[in-house]
Amino acid sequence: MRRTARLAMVVGWCGLVATGLPAQPQKAGSEGVAEIFSSVAKPDEPGLAVLVKKDGRVVFERGYGVKERRTGSKIDTKTNFRLASVTKQFTAMAIMLLVHDGALRYETTIGEIFAEFPEYGKKITVRQLLNHTGGLPDYEDLMDAAEKAKGTVWSPEKQIQDAEVLMLLESATKGKFAPGTKWEYSNSGYVLLGVIVAQVSGKSFGDFLDERIFAPLKMADTMVYKKGKNAVPSRAYGHTKDANSFKETDQSSTSATLGDGGVYSNVDDLSKWDDALRNYTLLSAEEMKPALEPAKFGGVKTAVLPDDAPAALHGVPVEYGFGWFLDPYKGHERMWHYGDTMGFKTAIQRFTKDGLTVIVLCNRTDLDPGALATRVSDLYFEKRK
């Protein structure tokens, strides 16, 4: 396993196998949801927080387990988890707000923003960064190459920063493919989008998100975390299961990058985010359309997950917009994302026409929040039959 999880994919397809929970008839409503999660985490273990909404109304919201084992402080609905790649929808929204302001265009190129960027990437557009068709090299591969030449440079104590990622990308001589010809999930692209937000707005990435997203939506506990500059309230710490015990594994050498995974939030605040998306609070329905159109590349819009995806997902087709996967589930329209990083796994699934949203945030990596969220959606879809 690499320093940080490379992909952000819901594993609903492998559902019950991944969670280790037996398939069985499920009860409808909040009682059925509670039954799904009742045995997932013991009270003294790292755990999870869950939110289920139907037609804009919270029907289930609960925390399980502990934020960290040192004090045994319990997870509740205001406990903040590192969202990992669920962050990407906020990064995409920040870019879209700059487009709304007239400060940026989706067809603006990297070369127009960063004059010193090498030739391989000058023509990559903001749109291609948003939908993972830009072809930038993977910054973790560039880190590996730099450390092979120079020895250890980064660590959990000396983490790579966004400016260093930009420097690595500017030192590269070629991309993975010609822009717009293929699809490949790119953390590099979303780190660069975070840098673009700061460059174009004249504010830090965190300040822009605070002013334009979190504060207007009253997401008071949500933040872009920067070690030494702010503190996460009611913070959950990440854990990895080792044999029969848990080890705190909260940070890696890549945990400080922002646009690809640096937001912390809780299910209470994410409920407000869900409301804003449903009600078009930040952008109109027309302005949201580009985010909900699957990327086209090489004349197609369906991508196939690569071999470094989880084994059960090899070859699974997906569609991607701006910060959201868009492929349906069992015929139900869906916008969704999954986060996987050191010590945390997270998932959000929004079934827009069904009015159903399921969010699962975990501070341990042995659970599959995507599969758990899918079980909840199955419960509601079965209820309608």
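The values are calculated or read from the model by the stated rules, or taken from the named source; none is laboratory data. Predicted model only: the values in this text are computed from it and were never measured. Neighbour counts are summed over all protein chains in view; Cβ atoms, including those assigned to glycine, are modelled from backbone coordinates with ideal geometry. All accessible areas refer to the heavy atoms of the entire protein, side chains included, with ligands and DNA or RNA removed. Shrake-Rupley method; radii C 1.70, N 1.55, O 1.52, S 1.80 Å.
Observations, loosely collected:
- Over the chain, DSSP H runs of length four or greater, each weighted -39,500 (n - 2.57), average out per residue to a 222 nm ellipticity of -8500 deg cm²/dmol.
- Centroid-to-centroid, using Cα positions, region 134-212 and region 233-298 are 18 Å apart.
- Mean-square fluctuations from a GNM of the chain, with a 10 angstrom spring cutoff on Cα atoms, peak among Gly121, Gly321, Gly355 at Gly355.
- Whole-percent carbon and sulfur share, accessible surface of the chain, 1.4 Å: 51
- Top of Arg235, Arg212, Arg375 by mean-square fluctuation, Gaussian network on the chain, Cα under 10 Å: Arg212
- The chain: most fluctuating residue of Ala198, Ala236, Ala347 per GNM, C-alpha cutoff 10 Å: Ala198
- Only Lys, Arg (+1) and Asp, Glu (-1) charged, at Cβ; the chain dipole about Cα centre in debye: 580
- Rolling a 1.4 angstrom probe over the protein heavy atoms with all chains in place gives the chain an accessible area of 41 Å² per residue.
- Degrees between helix 162-171 axis and first principal axis of the chain (Cα, 0 to 90, nearest 10): 50
- J(HN,Hα) series, region 35-48, from Karplus relation 6.51 cos²θ - 1.76 cosθ + 1.60, nearest Hz, glycine and proline x: 5, 4, 9, 4, 10, 6, 9, 6, x, 9, 9, x, x, 6
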